[in-house]
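Read the structure below first, then the notes.
The values are calculated or read from the model by the stated rules, or taken from the named source; none is laboratory data. From a predicted model like this one, the values you see are computed outputs, not experimental measurements. FYI the Cβ positions are ideal-geometry reconstructions off the backbone, even for glycines, and counts take in every protein chain you see. Side chains are part of the model used for accessible areas, which takes the heavy atoms of the whole protein and leaves out ligands, DNA and RNA. Shrake-Rupley method; radii C 1.70, N 1.55, O 1.52, S 1.80 Å.
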Amino acid sequence: KDRDGNPFPPPLPKELCEGIAVRGGLQGDTNKECLRESIIRPTGALNSTTVTISPSNHYGATNGMKDSIVVPAPKLMCLVYTMADAHANRIRAMQQTWAGGCDGFLAFSTESDPRLPAISLEHEGPEAYDNMWQKVRSIWKFVGTHYLDDYDWFFIGGDDLFVLPHNLKTYLASLTHKDGTDPKTKEYFVGRRFNSGGKDYFNSGGAGYTLSRATLRKFLAAMDDARHCSADTRSSMEDVFIARCLSHLGIHFTDTRDANGRERFHPFAPGSHLHWTPPRAGQERDWYEDYNKEWGILQGKDCCAPDSVSFHYIKKASMVRHMQALLYSCDGND
């Protein structure tokens, strides 16, 4: 509940269960279609303190592992980078919907606002998309300095993400149970892996990615290394540069697909994944296909795991609330 004793996150109106197309109108709601066709559901109540894990539901996992184990939910901090002009719409919508499932939530912006909460952080260089790496570096330094020992996992992404925090907690708990590890001492780098060519593997910044406490601790100690961790570089490719730094530290991506090869972290909106098809002969190459060439892309309803974690390009506050309603309030996603 909030400070006045009202339910929080606040209840969503039933009208949000109706179709809302990406460009408005009731017809052509491909996001709703994907949630229905791929049977995407929350793995538990938004604020549940336990998760029910399936250690065998990992791509390539060995058989014989017991499913449906109830364990304490790990502590998760969610971090979003944004600008002040998004406070009243995107960030407010996040705060009133999915962010309530995170144990900690902070937006890092161009202005501070304790009501969200949002924090303005200084960083090297201008506040610009082409300098995103320096902004993200400042976020990790701040979070590592003030919150490192308070959480098990740290998820970061932009202000056009929709996240299912309980699904993320469920996946992370299942991952460490499968591996017999502890995120406080074991380094993990979790998200949607891409390969832009050669040895340049990274987790998509658009889909958001997660560091274990041990990874953040190790990154903090090395992040000012100009040679291996690009401390002085100004670039929009924050996801590429943190991956290069972590790779130098011996920390590599985790394959986050489920046992059937379906993805959990998504660089596009649900409808875009459901209807994605590779370019036909003679058409221009598709970077998305190229970046996934090593492991391929499942199409149609198999695009997305039922316990999916995140979706990108959810830009409108109304769509954030619509997806939250479909997943948590409406009957049968319709």
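List of remarks:
- Per residue, region 274-334 exposes an accessible area of 53 Å² to a 1.4 Å probe, with every protein chain left in place.
- Estimated FRET transfer efficiency when R0 is 22 angstrom, pair residue 236-residue 294 (beta carbons, to 0.05): 0.40
- FRET efficiency for residue 200 and residue 318, using Cβ-Cβ distance with R0 set to 35 Å, rounded to 0.05: 0.45
- Global size of region 253-334: 14.3, 45 Å for Rg and Dmax (C-alpha atoms, Rg to one decimal, Dmax whole).
- Convex hull volume of the Cα atoms of region 20-158, normalised per residue: 179 Å³.
- Sorted peptide list for 143-149, 284-290, criterion being average Cβ within 10 angstrom, highest first: 143-149, 284-290
- Amide H contacts of residue 105 (H built 1.01 Å from N, under 5 Å, at least 5 apart or other chain): 78
- Across 1/315; 1/141; 141/218; 169/316, pairs whose alpha-carbon gap is larger than 20 Å: 1/315; 1/141; 169/316
- Apportionment of accessible area to carbon and sulfur, region 247-292, percent (1.4 Å): 45
- Hz values of 3J(HN,Hα) by residue in region 98-106 - Karplus curve (6.51, -1.76, 1.60), Gly and Pro given as x: 5, 4, x, x, 8, 6, x, 9, 9
- Between residue 227 and residue 331, the simple label model (points 7 Å from Cα in the Cβ direction) yields a spacing of 6.6 nm.
- For region 20-159, accessible area per residue (1.4 Å probe, heavy atoms of protein chains only), Å²: 46
- Label point distance in nm, residue 129-residue 181, each placed 7 Å from Cα along Cα→Cβ: 3.4
- Average 1/r across all pairs of distinct alpha carbons in the chain, invert it, and you get the Kirkwood radius: 20.3 Å.
- Karplus-derived HN-Hα couplings along region 301-309 (A = 6.51, B = -1.76, C = 1.60, θ = phi - 60°), whole Hz, x at Gly and Pro: 5, 7, 4, 9, 5, x, 9, 4, 10
- Ordering of 153-166, 307-320, 175-188 by burial proxy (mean other Cβ atoms within 10 Å per residue, highest first): 153-166, 307-320, 175-188
- The share of accessible area on region 1-67 that comes from carbon and sulfur is 50 percent, using a 1.4 angstrom probe.
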